[in-house]
Amino acid sequence: MQKQRSCVVIGLTANTGRFPQAETGGFSVGCGAIETLLKQLAVEVGPSGVRVVCLRTGATPENPVLQEVYQRLAEVRGTTKEAVERAEAEHTAMKRSPRMAEVANAAVLVASDYASAITVTPVNASCGGLVD
């Protein structure tokens, strides 16, 4: 990457990397660690023309792991998986969760030359689940 003096490294984390929340356990810690690692990497390789961007998303409902988490939360809370999913979406500015296709589109954007000045920062693709 450094030899070609042009590359984009994209990491993926969740809102809990910035603001931990209950019932996320070590996931918040992991996301925070990844974000810090990406920032450090960005300042190390930036002079060589390599950009490093963290794509921070909200809960993407199509994610099978998240579906399992929603199911377990529903059981603990005495409700349905769908109710947990709706409640999660209500916490966003857009009152919906980002879809995987939208996250992929954001990744394409930050990897493109249109975002050539973006590095060392998380890009928020959470439908406003996190207000920066």
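Annotation for ARG99 and GLN21: the two label points, set 7 Å from Cα along the Cα-Cβ direction, are 2.2 nm apart. Assuming a viscosity of 0.890 mPa s and a temperature of 25 °C, what translational diffusion coefficient in µm² per second does Stokes-Einstein assign to segment 7-125, Rh being the Kirkwood radius over Cα pairs? The Stokes-Einstein estimate is 160 µm²/s.
Its Cα centre serving as origin, the chain has a Cβ charge dipole (Lys and Arg +1, Asp and Glu -1) of approximately 280 debye. Each part gets one Cα centre, and for segment 1-58 versus segment 71-132 those centres are 16 Å apart. Projecting the Cα positions of GLY46, VAL131, THR92 onto the charge dipole of the chain (unit charges on Cβ atoms of Lys, Arg, Asp and Glu, taken about the Cα centre) puts GLY46 furthest along the positive direction. Here is the list for segment 1-90: trypsin sites (Lys or Arg not before Pro) lying in DSSP coil, each with at most 12 other C-beta atoms within 10 angstrom of its C-beta, are LYS3, ARG5. Principal-axis analysis of the Cα atoms of the chain puts helix 100-111 at an angle of about 20° to the longest axis. The lysines within cross-link reach of LYS95, meaning a Cα-to-Cα straight distance under 23 Å and a gap of 8 or more places when in the same chain, are LYS81. Less than 5 angstrom separates the built amide H of VAL123 from those of CYS54, LEU55, ARG56, all sequence-distant by 5 or more or on a different chain.
Counting only DSSP beta bridges with both residues in the chain, what percent are antiparallel, rounded to the nearest 5? Among the beta bridges of the chain, antiparallel pairing accounts for roughly 0 percent. The mean sequence separation of alpha-carbon pairs under 8 Å and at least six residues apart, normalised by the residue count of the chain, gives a relative contact order of 29 percent.
Show that you can apply the helix-only estimate: for the chain, add -39,500 (n - 2.57) for every DSSP H stretch of four or more residues, divide by all residues, and state [θ] at 222 nm to the nearest 500.
Computed mean residue ellipticity for the chain: -13500 deg cm²/dmol.
For the chain, the longest principal axis of the C-alpha atoms and the axis of helix 81-90 are separated by about 50°.
Laboratory data are not the source of any read-out in this text; all were calculated from the coordinates shown. Just so you know, these numbers come straight off a predicted model, no measurement behind them. Reconstructed Cβ throughout: ideal geometry from the backbone, glycine too, with neighbour counts over all protein chains shown.
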